[in-house]
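Asker: Let me begin by handing over the structure; questions about it come next.
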Amino acid sequence: MTDNVRDAWRPSEIELGRRAFRRRQTGRSVAIAVASTVVFAVIVWITLINTPGWSTVQQSFFDPATWAKAWPRVFGGFLLNIKVLVVAAAGVAVFGTLLAALRTTRGPVFFPLRALAAGYTDLFRGLPLIIVLYLVGFGIPGLRLTQTRIPAEVWGTIALILTYSAYVAEVIRAGIEAVHPSQVLASRALGLSRVATLRLVVLPQAIRKVTPALMNDFISMQKDVGLISVLGAIDAVRAAQIETATAFDFTPYVLAGVLFVLLALPMIRLTDWYSARLRRREQMGGLS
Amino acid sequence: MSRIVLRGENLWKSFDRREVLRGIDIELGSHEVVALIGSSGSGKSTLLRCLNLLEPIDDGRILLNDDDISDPRVKVDAVRARFGVVFQAYNLFPHLTVLQNITIALRTVHRLGRSDADAEGMRLLERIGLADKARVHPDRLSGGQQQRAAIVRAVASKPEVLLLDEITSALDPELVGEVLALVRELGNEGTTILMATHEMAFAREVADRVLFLDAGVIVEQGTPAQLFGAPKEARTRDFLRRFAA
């Protein structure tokens, strides 16, 4: 019986030798990496604390007491940033997709819409966000369209949507154009209308193709929401400015910066992971 | 011949200055299976695409069950829904599951409710033995399975005519059989089929009539026995000889 049933595979001497060698190699690489990192960090640290102005910088940028005192106000402002971000992201998703759809229309009937969308994306991709903020935030209220005063953060959100929609529209348009024409052909052959084809066949595939680029735009917007402070909205940046002015200490800015980084980190990691996954899938070679 | 389902009269089509269809007359009887043969570039695919209005024709007339569908006033989407089309590269939608692929037209064009559409989709999938693949995406299927799913997607809404555009050309030889078996079955059930094909043996076995297309004109047509057994035209003989070799 033992003769005709093969034993479970056990690695040979040669394979065991190769594994031991690889383990030793890996161990050495890790050791070198750790050592060099530690040496580098120590050198940076020693250089930094030996600079003549270090103690002043430490006091005015990394002061624990100021940090604690500024926390409630800066964090409160940061919550406003998050609110603006959520609303702006939703607005950009809708408006950007609409612009992209308009730019990919065919036929002479749609020429005015197509031209309008093209002109819009050209204009708002060229215009610095801060100028859009000033024009929208100070210009439109100047028209006195409403009796009551509309808060600065609302104008800031609108300016963000106007600018970012232009970028996102271009990204989505690239995605739409990357969907193979045979997909449209198959959809139209089934009797789906132009709009149904765009909504059910083209856009879902287009968005998937450009998701990493869209996530990048989202990360970029996460920090640009801090710019609404120029309109006077009390967000994290503005709150930090106020705290800095009272404490004569820049620590609140560092606090605001740390909050923004913490907000962005999960999204950055998610983008990296998703891009890697997408790349792996596409490089597997299936055409599907 | 039985009642005419689809009739193309004097069809002309050119891309830029290249004339691809040069005055084609074609008729398709009810329950008829017609094979379209000819070398690549002879206009087979263009003819199929013109017939269901995926390409506009330059001249001529197309009648589908006596409706003039080449009239610019007809609703193009509604006309296309009356045809089923299967492409060489399957063209399944990669972001939808196999079941969703099959039910998308039932739901959006024919306005079936979800449960009705799903029931019909599952019935079709069971028929081709892919019921267990209903919830997976097409990239998990073999080429033959994908093409069979594409065929049932095309017949799900019971089209008046089924157009097949070289549906086995992209398949590994071992997968061609299962796809052709399904086409044979549909033909036996009375589906009206017009197929562009390179599978001469299959055309000979299944088709009621064979048309030989060359340089945008129908050179010769007849029953498979006539056309393959005793071709009258020199061009047909040349073409068949090249295929036999």
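Asker: With the crude spin-label approximation of a point 7 Å out along Cα→Cβ, what separation in nm comes out for B:S40 versus B:E27?
Answerer: About 3.4 nm, to one decimal.
Asker: Among rounded, prolate and oblate, which fits chain A when a ≥ b ≥ c are the square roots of the eigenvalues of its C-alpha gyration tensor, a/c under 1.5 means rounded, and a/b larger than b/c means prolate?
Answerer: Cα axes put chain A in the oblate bin.
Asker: Taking 56 Å as R0, compute the FRET efficiency from the Cβ-Cβ separation of A:R18 and B:E126 and round it to 0.05.
Answerer: Working from the Cβ atoms, E equals 0.65.
Asker: Relative contact order for region A:65-278 using alpha-carbon pairs under 8 Å, separation at least 6, rounded to a whole percent?
Answerer: 33
Asker: Additional query: When a/c is below 1.5 the answer is rounded, else prolate if a/b is larger than b/c, else oblate, so apply that to region B:128-245 with a ≥ b ≥ c taken from the square roots of the Cα gyration tensor eigenvalues.
Answerer: Prolate, since a/c reaches 1.5 and a/b exceeds b/c.
Asker: To continue, here is another question. What FRET efficiency comes out for A:V195 versus A:A65 if R0 is 45 angstrom and r is the Cβ-Cβ distance? Round to the nearest 0.05.
Answerer: So, using R0 = 45 Å, E works out to roughly 0.15.
Asker: In whole Hz, with x marking every Gly and Pro, tabulate ³J(HN,Hα) for region B:191-203 from phi via Karplus 6.51 cos²θ - 1.76 cosθ + 1.60, θ = phi - 60°.
Answerer: With coefficients 6.51, -1.76 and 1.60, one gets 5, 7, 10, 10, 10, 7, 8, 10, 8, 5, 4, 5, 4 Hz.
Asker: Next up: When chain B is modelled as a GNM with alpha-carbon springs shorter than 10 Å, which of B:P72, B:P224, B:P159 fluctuates the most?
Answerer: Maximum among the listed residues: B:P72.
Asker: Can I ask one more? Helix-derived [θ] at 222 nm for chain B: sum -39500 (n - 2.57) over DSSP H runs of at least 4, divide by residue count, nearest 500?
Answerer: Result for chain B: -10500 deg cm²/dmol, rounded to the nearest 500.
Asker: Return the distance in nm (one decimal) between the two label points of a simple spin-label model at A:A115 and A:M267, each offset 7 Å from Cα along Cα→Cβ.
Answerer: According to this spin-label approximation, the distance is 3.6 nm.
Asker: With springs only between Cα atoms under 10 Å apart, run a GNM on chain A and tell me which of A:N50, A:N216, A:N81 wobbles the most.
Answerer: Between A:N50, A:N216, A:N81, it is A:N50 that shows the largest mean-square fluctuation.
Asker: Separate question: ³J(HN,Hα) across region B:16-31 via Karplus (A = 6.51, B = -1.76, C = 1.60, θ = phi - 60°), whole Hz, x for Gly/Pro?
Answerer: So the J values, rounded to whole Hz, are 6, 9, 7, 7, 9, 10, 10, x, 8, 10, 9, 10, 10, x, 4, 6.
Asker: If we count other beta carbons within 10 Å of each Cβ, what is the order of A:H180, B:H31, fewest first?
Answerer: Neighbour counts put them in this order, fewest first: A:H180, B:H31.
Asker: So, one more: Which cross-chain or sequence-distant (5 or more) residues have an amide H under 5 Å from the amide H of B:V5, H modelled 1.01 Å from N in plane?
Answerer: Amide H neighbours of B:V5, under 5 Å, 5+ apart: B:L28, B:G29, B:S30.
Asker: Right, next: Please rank B:I218, B:I37, fewest neighbouring Cβ atoms within 10 Å first, as an exposure proxy.
Answerer: Ranking B:I218, B:I37 by Cβ neighbours within 10 Å, fewest first, gives B:I218, B:I37.
Asker: HN-Hα J couplings of region A:146-160 from phi, Karplus 6.51/-1.76/1.60, θ = phi - 60°, integer Hz, Gly and Pro as x?
Answerer: Once rounded to whole Hz, the list reads 10, 6, 7, 7, 8, x, 4, 5, 5, 4, x, 4, 4, 4, 4.
Asker: Pairs B:K75/B:K133; B:K158/B:K232; B:K133/B:K158; B:K13/B:K75; B:K75/B:K158: which are spaced more than 28 Å apart, C-alpha to C-alpha?
Answerer: Checking Cα-Cα distances, B:K75/B:K133; B:K158/B:K232 exceed 28 Å.
Asker: Separation between the A:F138 and A:N50 pseudo-spin-labels, each 7 Å from Cα along Cα→Cβ, expressed in nm?
Answerer: 4.9
Asker: Among B:T192, A:T148, rank each residue by its count of other Cβ atoms within 10 Å, from fewest to most, as a rough exposure measure.
Answerer: A:T148, B:T192
Bear in mind that the values in this text are calculations on the coordinates, not laboratory data. Since the model is a prediction, treat every value here as computed from it, not as a measurement. When we count neighbours, we look across all protein chains shown, and the Cβ atoms used for this are built from the backbone with ideal geometry, even at glycine.
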